[in-house]
Amino acid sequence: MQHVALFVLMCIAGGLGGAVGSILGNALGRRGLFAGGVLGGVLAVFLAAVLARRLHWIQREALWATVVGGALGFLTAAFIATRTLSTPVGPALSTLLVGTGAIVGARLGSQRASDSEAAV
């Protein structure tokens, strides 16, 4: 259940962060729109990972792996979304990559923590 909640949280956070960042960055022109979207999305992924950690959805040791996975998922989603703006399907479905990246990162971070504890 925690993985489902993390997935949904990350998808929503990445999408909202990208949208709010784009809106704020639009004041600086076209480049600001894209830069604001990327910065807003990555910041939102970070904040969502911190929230997930506080809610005990991820292990403390998996925080940064979750952030990196979610951020890579967001950057991939942003790339796909900007290439498929002519249809709403690409941008909408690409947000699923944010949650997927976060789940993969959380699992790898948890596994790495478990492996290091077993070695001690």
Starting from the residue with the highest accessible area, list THR84, THR76 in decreasing order, probe 1.4 Å. THR76, THR84
Heavy-atom accessible area per residue - the range 34-75, 1.4 Å, Å²: 53
Note down the accessible area of PHE74, probe 1.4 Å, to the nearest 10 Å². 20
Sketch the reach of a paramagnetic label on GLN2 as a point 7 Å from Cα along Cα-to-Cβ, and name the residues of the range 77-112 whose backbone nitrogen lies under 11 Å away. 107, 110
Selected from ALA5, ALA48, THR76, residue furthest toward positive end of dipole (the chain; charges at beta carbon): THR76
Describe numerically, in nm with one decimal, the distance between label points set 7 Å from Cα along Cα→Cβ at SER86 and at ARG107. 3.5
Give, rounded to the nearest 20 debye, the magnitude of the charge dipole that the chain has about its Cα centre when Lys and Arg contribute +1 at Cβ and Asp and Glu contribute -1 at Cβ. 260
Keeping all protein chains in place and using 1.4 angstrom, which order do HIS3, HIS56 fall into by accessible surface area, from largest down? HIS56, HIS3
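The values are calculated or read from the model by the stated rules, or taken from the named source; none is laboratory data. Bear in mind the structure is a predicted one, so any value in this text is a computation, not a measurement. Cβ atoms come from the backbone with ideal geometry, glycine included; neighbour counts cover every protein chain shown. Keep in mind that these areas ignore ligands, DNA and RNA; they rest on the heavy atoms of the full protein, side chains included. Shrake-Rupley method; radii C 1.70, N 1.55, O 1.52, S 1.80 Å.
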